Amino acid sequence: MKYSPLPKDLYIRNRAKFAAKLAKNSVAIFNSNDIMPTNADGTMKFRQNNDLFYLSGIAQEETILLIAPDCPNPAMREVLFLRETNELIAVWEGHKYTKEEAEAASGIKNIQWLSNFDQVLNTVVSLSERIYLNTNEHLRAGVVVETRDARFIKACKEKFPLHVFDRAAPIMHELRGKKEKGEIDQLQIACDITEKGFRRILSFVKPGVTEYEIEAEFLHEFVRNRSKGFAYEPIIASGASACVLHYIENSKACLDGEMLLMDVGAEYGNYNADMTRTIPVSGRFSTRQRAVYDAVLRVQREASNILRPSTNIQDYHKEVGLIMQSELIGLGLIDQTDIQNQDPALPAYKKYFMHGTSHHLGLDVHDVGTMYNPITPGMVFTVEPGIYIPAEGIGIRLENNIVIQENGFLDLMRNIPIEAGEIEELMNS
Ligand SMILES: [Mn+2]
């Protein structure tokens, strides 16, 4: 692997936290993701199931984790099943985990080959009353393919019809929402790699450069710093394209006088950065661009300050809406009449700022974690307000990633230039 893995203690602790949430006499089973097909004999790049990774640190396909904390046979309380490797696989696909390596990475003592899985499963399930299975319960997930998890749920229910089944996802959301120190370290590295990419393009962007050349500069910097690449499809949007929120075509030339919005983050060790910066293509903001830019930056900073422990995320989003409303009045984009006449379900500010301000960030870019319970220290959020004015060809979003602390926050992107003046200076030096 390209990245330095976190020490196994983290995964031992994560499993202990998970086990403590299970009902008595339960077994929980986690599956790897499938390797998704493309066409002919092609496949997509493998991406481990994040829950399995969180509990084991193992990023290898066809891995299964079984956790049964009350199993009368202590050896069966934690079992990790791996694809058996052999010389042929080693020649064609390269190195796979040996049992010793998997134990060193995960802290799990009982490592078995997959061929033993059915036997062990039968034994452990027979000694358990309740079976926790995993499925993607992200609030915005729209899964249409039948995943390995879904196939496994079906098979388990057929095989063990008289057991009680339960959901692992709510427990995983709660645990993964609050990051451990090692996880913050990986996120910081992902943000630092993203910073390198941004600094690289600050001296690269000038009128005539294309969006895809900028994309290539980022990727170059990411991969040479041990990232697998982009954490998500990058948005490199010049001019009015910045007002298309999910513009990923990245195909145009950047023109003098336009601004360039870049929503780009590096992956590192399966953790993700999620940054947005907006810069002037020429290296100098116009007066109007600068006014809108500074308004977005003020909202970004105020929002970061009110995203505090015990705040509720829904209330936070309403509060940021009011801050944005006053900035839009200042820019002459809305007025008191618009506000008096607004539909409370669709406030006037949403015409120029139509997306949410924050989401959880971690192993997933839109990470799992509660959006309804109070915020607690250790949660990691993006803070990403924007103002989009298609009529003026202006779209500005500024996004940093912050860790909630007891008294305030740690900005993982504190070193990435964001002040308009500093950006101009770096682009012209
Ligand atoms: Mn984001």
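The values are calculated or read from the model by the stated rules, or taken from the named source; none is laboratory data. Computed from a predicted model, the values in this text were never measured in an experiment. With ideal geometry, Cβ positions are generated from the backbone for all residues, glycine too; neighbour counts draw on all protein chains shown. Keep in mind that these areas ignore ligands, DNA and RNA; they rest on the heavy atoms of the full protein, side chains included. Shrake-Rupley method; radii C 1.70, N 1.55, O 1.52, S 1.80 Å.
Enumerate the whole-percent occupancy of each 5 Å bin, from 0 to the last occupied one, for all C-alpha pair distances of region 181-427.
Bin by bin from 0 Å, the calculated values are 1, 7, 14, 18, 19, 17, 13, 7, 3, 1, 0.
Put +1 on the Cβ of each Lys and Arg and -1 on the Cβ of each Asp and Glu in region 181-427; which of 385, 353, 208 then has its Cα farthest toward the positive end of the dipole?
So the residue furthest toward the plus end is 208.
For residue 238, what residues show an amide H to amide H distance below 5 Å, using hydrogens built from the backbone and excluding near sequence neighbours?
Amide H neighbours of residue 238, under 5 Å, 5+ apart: 261.
Roughly how many nanometres apart are two label points built 7 Å out from the Cα toward the Cβ at residue 138 and residue 98?
Once both label points are built, they end up 3.6 nm from each other.
What whole-number value in Å² describes the accessible area per residue of the chain for a 1.4 Å probe?
For the chain, the per-residue accessible area is 45 Å².
If R₀ is 35 angstrom, what is the calculated FRET efficiency for the pair residue 249 and residue 109, using the beta carbon separation as r and rounding to 0.05?
Efficiency, from the Cβ-Cβ distance: 0.10.
I need the peptides 277-284, 33-40 ranked by packing, meaning the mean over residues of other C-beta atoms within 10 angstrom, with the highest value on top.
The densest-packed peptide leads the list: 277-284, 33-40.
Hey, got the dipole for region 8-176? About the Cα centre, +1 on K and R Cβ, -1 on D and E Cβ, debye to the nearest 20?
580
Report the charge-dipole magnitude of the chain in Debye, nearest 20, computed about the Cα centre from +1 at each Lys and Arg Cβ and -1 at each Asp and Glu Cβ.
860
For a label point 7 Å from the Cα of residue 406 along Cα→C-beta, name the residues of region 358-386 whose backbone N is under 19 Å from it.
Residues passing the 19 Å test: 375-380.
Looking only at 191, 71, 243, which one moves most when the chain is put into a Gaussian network model with springs between Cα atoms under 10 Å?
71
Of the heavy-atom accessible surface of region 141-299 (probe 1.4 angstrom), what whole percent is carbon and sulfur?
Solvent-exposed carbon and sulfur of region 141-299 make up 55 percent of the total.
Give me the extension gain from residue 291 to residue 428: residue separation times 0.36 nm, minus the current Cα-Cα distance, reported in nm with one decimal.
Extending this stretch completely gives an extra 47.3 nm.
What is the set of long-range amide H partners of residue 78 at a cut-off below 5 Å, with H atoms built 1.01 Å from backbone N?
Residues meeting the criterion, in which the H sits 1.01 Å from N, are 68.
Between their Cα atoms, which of 179/228; 21/96; 179/351 are more than 29 Å away from each other?
The pairs that break the limit, which is 29 Å between Cα atoms, are 21/96; 179/351.
With +1 assigned to the C-beta of every Lys and Arg and -1 to the C-beta of every Asp and Glu, and no other charges, what is the dipole magnitude of region 80-214 about the Cα centre in debye, to the nearest 20?
340
Which whole-number percent of Cα pairs in the chain have a distance greater than 42 Å?
Value for the chain (Cα pairs over 42 Å): 22 percent.
When the Karplus curve 6.51 cos²θ - 1.76 cosθ + 1.60 is applied with θ = phi - 60°, which whole-Hz ³J(HN,Hα) does each residue of region 313-325 get, with x for Gly and Pro?
So the Karplus estimates, Gly and Pro as x, are 5, 5, 5, 4, 4, 5, 5, 4, x, 5, 5, 4, 4 Hz.
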